[in-house]
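None of the figures in this text is laboratory data; all of them are computed from the coordinates on show. Note that the structure is a prediction, hence the values are computed from the model and not measured. Don't worry about glycine lacking a Cβ; one is built from the backbone with ideal geometry, like all the others, and counts go over all protein chains shown.
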Amino acid sequence: MNEKHTHGDGSSATKRIKKAGRHVSQSEGLIFEKSVAGKRGIELPPLDVPAVDPAKALGAEFARAGVEGFPEVSEIEVIRHFTRLSTWNYAIDLGMYPLGSCTMKYNPRVNEFVARLEGLATEHPLQPDEVSQGCLRIIHDLQKCLLEITGMDAASLEPVAGAQGELTGLLLIRAYLESKGDARKKVLIPDSAHGTNPASVVIAGYEVQNIKSNERGQIDIAHFREFVTGDVAALMITNPSTLGVYEENIAEIAEILHSRGALLYMDGANMNALAGVTRPGDFGVDVMHLNLHKTFSTPHGGGGPGAGPVMIKKILEPFLPVPIVTEANGRYALDFNRPQSIGRVRAYCGNFGVLLRALAYTLAYGPVIRQATEDAVLNANYIRKHLEDVFDLPYNLPSMHEVVFSDARQKKHGVNTMDIAKRLIDYGFHPYTTAFPLIVPGALMIEPTESESREECDLFIDAMRSIAAEAETNPELVKTAPHSTRVGRLDEVAAARRPVLRWQPKQNLDAQKHLGPHEKTLVVPTA
Ligand SMILES: *Cc1c(COP(=O)(O)O)cnc(C)c1O
């Protein structure tokens, strides 16, 4: 803190240590608390050119004398502060990250090496095509690989998230149907779809019509025919679904749609269960998106950059976003001259760094991408088989990339999916996805991915079985977990109702004083 402290006698030193815990501990304070007036992180040599008045050079409105509340700290304090904070993170590089639906697979280091190469990392997106041939080729080559893997005809790598790929795909459907003078009104969505699907449909200007899955997590074909009326533009299906189950009748579903002038959209974010085994283009899909930041291993989470390419059949090609990367006689170019295009969906060509990593991954795997898929499926089934006698399995079908249990058995002891997930932290694992998908009340959604060895899967299974036993013998222990972390369970309601959206130095300092290492909440009221 700011005030000078004297060492005093041994007992006040002990008190201080008790309060702070170990010297390097999980109780790192805020960097603002370390601030001491006059401390500097850098020292610049004296000017050897005439000084410039910033107010004159920039204009008075852009020049400021200081930044209020900015911490004054030395370089090593900054380094240590952020290094310590970084050790609080759970990461795929630390251990298994079984967050269902998110596909937290390992990102091979070679991808990072390639993405940092000079000439790639340093290229400017506004360079003319003639000096961007390498980058354009990378985009073009990745497109070719993805078309081969999905069996589709054309692609745009512009969208920067799965959800943006969804919106782009739906806008393509709309543009196509409008070009035929038949825009239609509705998009059908099964209840096992990902939550972003209905949101994208509404933003694209369509109405959502929900379809109930049958007890096997499948579309009921007999009922489905009745749903496909003349005002249905498309079915938007997540396949494999959020239950980790493959839609068995997908080819027939495509035929029914096509016979009535509607299209089939497949949310392909779970392509890690299909790549190298089957191709959506071959079973009737007209438009789909991929999540490169999931299936193709590029790092994701925390709102970082992603890539959600859309892959389409020929009929939708005229409407693709601009620009298109073209190739003729070994020369690559960006084509903006596309009169029927839906326009741009993103600046430049999307998140180039993500595309680059995805190409490195795809080329490294090549034809053995099938092995990655089979390992991912094997791991999910291995976990299902070794947990199904202790956790309820509402849809007991072979798993694809993930398996979804429910907390029905543990509920009898007052323990729910959130409690189990929090307890998993004490066992050193990142929690699985809780309470999603919505069609499984109290869901435990587990996706190990192919990155995990049998040993790691076994450790996870042991942890889950141990927690299942605790739920019966000592439910209180599970309900109050985690016990091993810097803070206990956060008050999520308060966090949602009274969010701290802005840094307020004075108030936060006051509030922080009351926080011990196991405080219930870190939420600080706003002014
Ligand atoms: C992750 C996911 C999405 C959304 O992708 P974002 O990149 O987070 O927008 C959509 N559908 C499915 C099935 C997903 O798993």
message: Cross-link candidates for residue 412: which aspartates and glutamates have Cα within less than 20 Å, leaving aside residues fewer than 8 places away along the same chain?
response: 388, 389, 392, 470, 472, 476
- request: Work out which GluC sites (Glu not before Pro) in the chain are exposed loop sites (DSSP not H, G, I, E or B, at most 12 other Cβ within 10 Å) and give the longest gap free of them.
  value: 216-527
query: Over all distinct Cα pairs, what is the inverse of the mean 1/r for region 369-479, reported as the Kirkwood hydrodynamic radius in Å?
result: 14.0
query: Taking a spot 7 Å from the Cα of residue 109 along the direction of its beta carbon, which residues of region 259-299 have an amide N less than 17 Å from it?
result: 299
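What is the sum of charges around residue 311, taking Lys and Arg as +1, Asp and Glu as -1, for the other residues whose C-beta is under 14 Å from the C-beta of residue 311?
Summing Lys and Arg as +1 and Asp and Glu as -1 gives -4.
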task: State the answer as a single residue: which of 35, 264, 318 lies farthest towards the positive end of the charge dipole of the chain, with beta carbon charges of +1 for Lys and Arg and -1 for Asp and Glu, about the Cα centre.
output: 35
- prompt: Taking the Cβ-Cβ separation of residue 435 and residue 374 as r and a Förster radius of 22 Å, what is the calculated FRET efficiency to the nearest 0.05?
  reply: 0.15
statement: As straight-line cross-link partners of residue 180, the qualifying aspartates and glutamates (C-alpha separation under 17 Å, not fewer than 8 residues apart within one chain) are 231, 286, 317
query: Taking the chain, how much of its Cα-Cα pair set, in percent, is spaced more than 30 angstrom apart?
result: 59
field: Amide H contacts under 5 Å for residue 209, placed H, 5+ residues apart
entry: 187, 188, 189
Packing-based exposure ordering (other Cβ within 10 Å, fewest first) of 102, 145: 145, 102
- line: Ordered by fewest other Cβ atoms within 10 Å, a rough proxy for footprinting exposure, 246, 348 read 348, 246
statement: Extension length gain for residue 425 and residue 260 (0.36 nm per residue less Cα distance), in nm, is 54.4 nm
- prompt: Between residue 263 and residues 5 or more places away or on another chain, which pairs have amide H atoms under 5 Å apart, with H built 1.01 Å from N, and which residues are they?
  reply: 234, 235
query: Which net charge results when you count Lys and Arg as +1 and Asp and Glu as -1 among the other residues whose beta-carbon is under 12 Å from that of residue 264?
result: -3
statement: If R0 = 51 Å, then residue 154 and residue 43, at their Cβ-Cβ distance, give a FRET efficiency to the nearest 0.05 of 0.35
query: Roughly how many nanometres apart are two label points built 7 Å out from the Cα toward the Cβ at residue 409 and residue 215?
result: 2.0
- prompt: What is the order of 83, 242, fewest Cβ neighbours within 10 Å to most?
  reply: 83, 242
message: Suppose R0 equals 35 Å. What FRET efficiency, 1/(1 + (r/R0)^6) with r the Cβ-Cβ distance, do residue 348 and residue 89 give to the nearest 0.05?
response: 0.70
task: Using label points projected 7 Å from each Cα along Cα→Cβ, tell me how many nm separate residue 480 and residue 327, to one decimal.
output: 6.3
field: Cross-link table 105/314; 105/144; 144/185; 212/479; 294/479, entries beyond 29 Å C-alpha to C-alpha
entry: 105/314; 144/185; 212/479; 294/479
statement: Kirkwood Rh over alpha-carbon pairs of region 162-309 plugged into Stokes-Einstein at 4 °C, 1.567 mPa s gives a D in µm²/s of 84
message: Per 0.36 nm of contour for each residue apart, how much would the distance between residue 76 and residue 61 grow if the chain were fully extended, relative to their Cα-Cα spacing?
response: 2.1 nm
- request: Quick one: net charge around residue 380, please, counting Lys, Arg +1 and Asp, Glu -1 for every other residue with C-beta under 9 Å from its C-beta.
  value: -1
